[in-house]
Amino acid sequence: MGALDGLWGHLVAIATGLRYLVASKRMTVHYPEYVIRPRDGYRGMIRWHKDKCISCSLCARICPASAIKMYRKPGEKKAYPGINYQRCIFCGFCVDICPADALEHTVVHDIAFASLDEHFYIAEDFDRDWESPAVAEGASRVRVEFDERRGLVHVPGD
């Protein structure tokens, strides 16, 4: 009876997948006209707040990809972090370890760089608000919900 139970489980899973395939309108959104709002806790581009930073360098020490380095301007005593997005794996260790909450993840993930040099953000350049290019162009935000009959659906959201 165990083999038939396993076969029955597979058939139910295939039937569920086929039902969602036929019943749902589409599983993806038309980007950049529509942008899915990421859930809370999403690890997007990293924002650094210079006014909160205490220059402890814990973010640079913990970074497993060596994406964060400390930089000191000539004549300044404090060193501030900079990031290389070519190396960043968005693990969030730097955000978690920061004792002053000077680093935070944003929900922006769809930044495109035109050259390799644009991946580097040192000190003041790192202290910036990220904005999705699609949202800046007027894209509508949608959120993903699960419908028992149709599967994943996109509904207008904030």
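The values are calculated or read from the model by the stated rules, or taken from the named source; none is laboratory data. Predicted model, so just to flag it, every value in this text is computed and none were measured. We place every Cβ from the backbone using ideal geometry, glycine too, and count neighbours over all the protein chains shown. Side chains included, ligands, DNA and RNA excluded: accessible areas come from the protein's heavy atoms. Shrake-Rupley method; radii C 1.70, N 1.55, O 1.52, S 1.80 Å.
Looking at the stretch 63-79 only, could you name the residues that are open to solvent by 60 Å² or more (accessible area, probe 1.4 Å) and free of Cβ contacts under 8 Å to residues at least 40 places away in the same chain? Break it down stepwise before answering.
Here is the first cut: in the stretch 63-79, the residues open to solvent by 60 Å² or more (accessible area, probe 1.4 Å) are 64, 69, 71-78.
If the condition is that a residue be open to solvent by 60 Å² or more (accessible area, probe 1.4 Å) and free of Cβ contacts under 8 Å to residues at least 40 places away in the same chain, then Pro64, Lys69, Arg72, Pro74, Gly75, Glu76, Lys77, Lys78 are the ones that fit.
Only one of Val142, Val108, Val155 is open to solvent by less than 50 Å² (accessible area, probe 1.4 Å), touching a residue at least 60 places away in the same chain (Cβ under 8 Å), within 22 Å of Pro38 (Cβ to Cβ) and assigned to a strand (DSSP E or B); which?
Working: Val108 fails: assigned to a strand (DSSP E or B); Val155 fails: touching a residue at least 60 places away in the same chain (Cβ under 8 Å).
Only one candidate passes the filter, namely Val142.
Taking Ala60 as the residue in question, decide whether it is assigned to a helix (DSSP H, G or I), open to solvent by less than 50 Å² (accessible area, probe 1.4 Å) and either without any contact (Cβ under 8 Å) to a residue 24 or more places away in the chain or out of contact with any His (no Cβ under 7 Å at 6 or more places or on another chain) (or both). Before you say what the answer is, go through the steps one by one.
On the way: assigned to a helix (DSSP H, G or I): yes; open to solvent by less than 50 Å² (accessible area, probe 1.4 Å): yes; either without any contact (Cβ under 8 Å) to a residue 24 or more places away in the chain or out of contact with any His (no Cβ under 7 Å at 6 or more places or on another chain) (or both): yes.
Taking the combined requirement at face value, the residue satisfies it.
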(request) Return yes when Arg39 is touching a His at 6+ places or on another chain (Cβ under 6 Å), closer than 30 Å to Arg150 by Cα, open to solvent by 60 Å² or more (accessible area, probe 1.4 Å) and assigned to a loop (DSSP other than H, G, I, E, B) and no when it is not. (result) no
(request) Only residues that are over 16 Å from the mean Cα position of the chain (by Cα), part of a loop (DSSP other than H, G, I, E, B), of a type in the set (A, V, I, L, M, F, W, C) and at pLDDT below 85: list them for the stretch 114-139, please. (result) Phe126, Ala139
